Structure formats: C-alpha cells, structure tokens
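Take a look at the structure set out below.
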Amino acid sequence: MILVSACLLGLNTKYNGESNAHSLILKYCSLGRFIPVCPEQLGGLPTPREPVEIMNGSGQEVLSGPSLARGERGEAVTGQFIKGANEVLKISEMMDVSAAILKERSPSCGVNYIYDGSFTHRIIPGQGVTAALLRGQKIPIYSEEDLTEELLKELLSD
C-alpha cells in the first residue's frame, strides 16, 4: 500500500478547498493500492483553511521543537500539524505501507522543498512535518514532481 496526499488523488483537501489532482497518480488509482491522507485534516484543521508555513526551519525542527507552523494571519497550528503527522504514521503502520507520494512544497507533505515562512512564495530546501516524520521512520517518500510512470510502476509492484 502507498500513502498518497489526498489532494493529489483529486480530493478537495488543499488549504483553499481545491485539489492538486495528478494525472499519473489518477491513472493507477483503480488498482486500489493508494491510501489517501491529508495530515492537516487529520490534525483537526478545516477545509478551506488559512495558508500555513513553517517559521524558522522545516518539518524536522517542528517535530523537535524549535520551529512553529503558523497561519498567514499568525495563528499557531503546530499542534495540529504534529497530530496530523502522527495520525498518518498510525495509518502507515495499520496498513503496512511501503512508500508515500506527497505534495511538494506543502508544510505537511513537502518532500524536498517547503515555503520559507514569509508568505512571499519563496521556496527553501526542507521537508514538511509529515514528510519528516515518515522519513524518520524509514518510510520512503516521493514527491509528485519527481514521479515517473516507471517509478510508480516499481512502487506498485512492491
């Protein structure tokens, strides 16, 4: 089984109530091997919701304490982000997950990049909170931007 950011599967879980439907992922959806997850919803945040960025670090620093997840108007949502990441981890353990395909640049799911916390669309290297937690548990994580049909077929064959 493969965890997939729910927005990539066409579910309207994105912060603005829309999706990030990804055609290649949708092409293989009918195989029944994908588990849709939205850590922000699992952490108790509504949809739509205020845009969130990580302040002064990345997901790993949110998990270890020095960084915070904040909404654009300043609302602290660190607790919801950590709760959501832990819920995704529980799902991965219950369902014997072999990998995760996550939404790049998301403060929860970013695999290689996230926004810098300034709400100016500046991108920095780093992982979102859920991506950092999954990687720390040795679950292979992939960005939808790095996904090829060959890689997806390989993941599905495991």
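Tabulated results
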{"item": "Entirely in region 1-67, the helices (runs of 4 or more DSSP H) that have 3 or more residues that are open to solvent by 60 Å² or more (accessible area, probe 1.4 Å)", "result": "23-27, 59-64"}
{"item": "Unique residue being surrounded by 15 or more Cβ atoms within 10 Å (Cβ to Cβ), without any contact (Cβ under 8 Å) to a residue 24 or more places away in the chain and out of contact with any helix residue (DSSP H, G or I) (no Cβ under 8 Å at 6 or more places or on another chain) when the list is Arg135, Arg73", "result": "Arg135"}
{"item": "Failed condition for Ser118, given (1) loosely packed, with under 13 Cβ neighbours inside 10 Å; (2) in contact with a Cys (Cβ under 7 Å, 6 or more places away or on another chain)", "result": "(2)"}
{"item": "The one condition in (1) without any contact (Cβ under 8 Å) to a residue 24 or more places away in the chain; (2) under 20 Å from Glu18 (Cβ atoms) that Ser64 fails to fulfil", "result": "(2)"}
{"item": "Residue match in region 86-103 (condition: out of contact with any strand residue (DSSP E or B) (no Cβ under 6 Å at 6 or more places or on another chain), outside any helix (DSSP H, G or I) and not aliphatic (A, V, I, L, M))", "result": "yes"}
{"item": "When residues of region 33-53 are limited to those that are aliphatic (A, V, I, L, M) and in contact with a helix residue (DSSP H, G or I) (Cβ under 6 Å, 6 or more places away or on another chain), the one nearest to Ile101 (Cα to Cα)", "result": "Val37"}
{"item": "Subset of region 117-135 (residues that are over 18 Å from Ser5 (Cα atoms) and outside any loop (DSSP other than H, G, I, E, B))", "result": "Ile123, Ile124, Pro125"}
{"item": "Any hit, region 102-114, residues being surrounded by fewer than 20 Cβ atoms within 10 Å (Cβ to Cβ) and touching a residue at least 40 places away in the same chain (Cβ under 8 Å)", "result": "no"}
{"item": "Selection status of Ser108, in a loop (DSSP other than H, G, I, E, B) and modelled with pLDDT of 95 or more", "result": "yes"}
{"item": "Matching entry among Thr78, Thr47 (being out of contact with any His (no Cβ under 6 Å at 6 or more places or on another chain) and without any contact (Cβ under 8 Å) to a residue 24 or more places away in the chain)", "result": "Thr78"}
{"item": "Failed condition for Asp116, given (1) acidic (Asp, Glu); (2) touching a helix residue (DSSP H, G or I) at 6+ places or on another chain (Cβ under 8 Å); (3) closer than 20 Å to Ala76 by Cβ", "result": "(2)"}
{"item": "Residue match in region 20-36 (condition: in contact with a Pro (Cβ under 7 Å, 6 or more places away or on another chain) and at pLDDT 95 or above)", "result": "no"}
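The values are calculated or read from the model by the stated rules, or taken from the named source; none is laboratory data. In this text, all values refer to a predicted model and were calculated from it rather than measured experimentally. For neighbour counting, all protein chains shown are included, and Cβ atoms are generated from backbone atoms with ideal geometry for every residue, glycine included. Each accessible area value is taken on the protein alone, full model and side chains, heavy atoms only, with ligands, DNA and RNA left out. Shrake-Rupley method; radii C 1.70, N 1.55, O 1.52, S 1.80 Å.
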